Amino acid sequence: MSHVLEVRDLTYSYDGVVNAVEQVSFDVPEGRIVGLIGPNGSGKSTLIKNVFDLLKAQSGRITVNGHRHTTIEAKRDAVYLSSNDYLPEFLSPREYYTMLGKLYGVRLDHERARAYFRDFSMPGRYDDLISGFSHGMRKKSQLVGALVLRRPLTVIDETLNGVDLEAMRIAERELRTLHEDGRAVLLCSHDLTLLERLTDGVVFLDLGILVLDGPTKELVRDGGSLESIVFEHIESEAR
Ligand SMILES: Nc1ncnc2c1ncn2[C@@H]1O[C@H](COP(=O)(O)OP(=O)(O)OP(=O)(O)O)[C@@H](O)[C@H]1O
């Protein structure tokens with residue numbers, strides 16, 4: 001099985017003194033959803049920003065579909081849903097997705113995107129300016145962008161926080177279709193029950209260090225739940 005994302009010995013420090021991410025290695029294989037978990041400040045967003053070349057690691061190696069993460073090929077194969085809800089205010093979703101399609105060099109399927117807007121209870125908003133969208137609507141618009149782009153790698157940094165239950169159910173269903181299509185997803189979330197349902201594997205960071213990397217089913221079978229695994233680690237003396 002090939003790895004869509006490979007992270008090897010990644011170390012990143014904001015100030016050159018304390019490492020926010022230290023010697024982290026893990027893979028996201030094709031057709032797999034991997035959860036990225038860890039307490040606040042454990043380095044999850046820092047790691048993701050390094051994957052997307054938004055921060056320059058001091059050492060380590062990252063590849064996307066075999067391409068160094070700094071190359072145009074790697075950037076074309078991956079889409080990043082950030083934890084904030086920043087979107088171009090004075091574009092409509094149609095215009096925004098057209099722009100994304102041009103950036104990625106793919107023909108954007110607007111019919112599919114419009115169908116997602118209906119599914120996500122936003123019918124009739126496809127040509128409205130994003131400036132008038134609520135927080136949850138922006139989150140859903142970000143997600144629709146990733147679902148229509150269908151890149152080999154989708155990285156989601158807490159993007160699903162703030163969407164309503166119905167949208168969450170649909171998001172879950174659609175993320176499953178991504179991985180059924182053989183695409184890889186790295187899903188960073190504090191919703192551990194969602195990750196238990198949806199992920200094939202889990203990567204657990206604490207204080208910038210990888211403390212656990214394994215198949216979700218086995219971790220849950222042995223540890224009871226992801227929640228108990230996290231608490232056990234945080235309360236352990238080894239920390
Ligand atoms: N721009 C920055 N400048 C300096 N330090 C930063 C910056 N961003 C994050 N850090 C520090 O890096 C460490 C890791 O932060 P990061 O945001 O990666 O954690 P996280 O696991 O994503 O947290 P959360 O769950 O709260 O989103 C923390 O100690 C944080 O204070």
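The values are calculated or read from the model by the stated rules, or taken from the named source; none is laboratory data. Just so it is clear, the model here is predicted, and its values are computed rather than measured. Note that each Cβ is placed from the backbone with ideal geometry, even for glycine, and that neighbours are counted across all protein chains shown. All accessible areas refer to the heavy atoms of the entire protein, side chains included, with ligands and DNA or RNA removed. Shrake-Rupley method; radii C 1.70, N 1.55, O 1.52, S 1.80 Å.
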Percent RCO, i.e. relative contact order, over the chain, from Cα pairs under 8 Å lying at least 6 residues apart: 27
In degrees, nearest ten, helix 110-119 long axis to first principal axis of the chain (Cα): 70
Most fluctuating residue given options Ala115, Ala146, Ala171, as computed from a GNM of the chain linking Cα atoms under 10 Å: Ala115
Principal axis dimensions, largest first and in whole angstrom, of the chain by Cα: 55, 38, 35
Residue with peak Gaussian network fluctuation, the chain [Cα springs, cutoff 10 Å], from Val34, Val18, Val79: Val18
Nearest 10 degrees, 0 to 90: helix 93-104 Cα axis against the chain principal axis: 60
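Per residue, how much accessible surface does the chain expose to a 1.4 Å probe? Answer in Å², no decimals. Show your work: numbers first, answer last.
Numbers: 11320 Å² over 239 residues.
With all protein chains present, the chain gives 47 Å² per residue.
Counting other C-beta atoms within 10 Å, and keeping those with at most 14, which DSSP coil trypsin sites (Lys or Arg not before Pro) do you find in the range 56-93?
On the way: sites: Lys56, Arg61, Arg68, Lys75, Arg76; in loops: Lys56.
Counting only loop positions with at most 14 other Cβ atoms within 10 Å, the trypsin sites (Lys or Arg not before Pro) in the range 56-93 are Lys56.
Before rounding to the nearest 500, sum -39500 (n - 2.57) across all DSSP H runs of length at least 4 in the chain and divide by the residue total; then give [θ] at 222 nm in deg cm²/dmol. Don't skip to the answer; put the middle values down first.
Values: 9 runs with 91 residues, N = 239.
The helix contribution divided over the chain gives -11000 deg cm²/dmol.
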Most mobile listed residue (Asp181, Asp15, Asp109) in the chain, GNM with C-alpha springs under 10 Å: Asp15
Lysine pairs in the chain with Cα atoms under 29 Å, if 8 or more residues apart or on separate chains: 20
Loop-located trypsin sites (Lys or Arg not before Pro) in the range 86-128, at most 16 other Cβ atoms within 10 Å (DSSP): Arg107
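Looking at the range 74-114, which GluC sites (Glu not before Pro) are in a loop (DSSP not H, G, I, E or B) and have at most 12 other Cβ atoms within 10 Å? Kindly include the intermediate steps, with their values, before the conclusion.
Working: sites: Glu89, Glu95, Glu111; in loops: Glu89.
Counting only loop positions with at most 12 other Cβ atoms within 10 Å, the GluC sites (Glu not before Pro) in the range 74-114 are Glu89.
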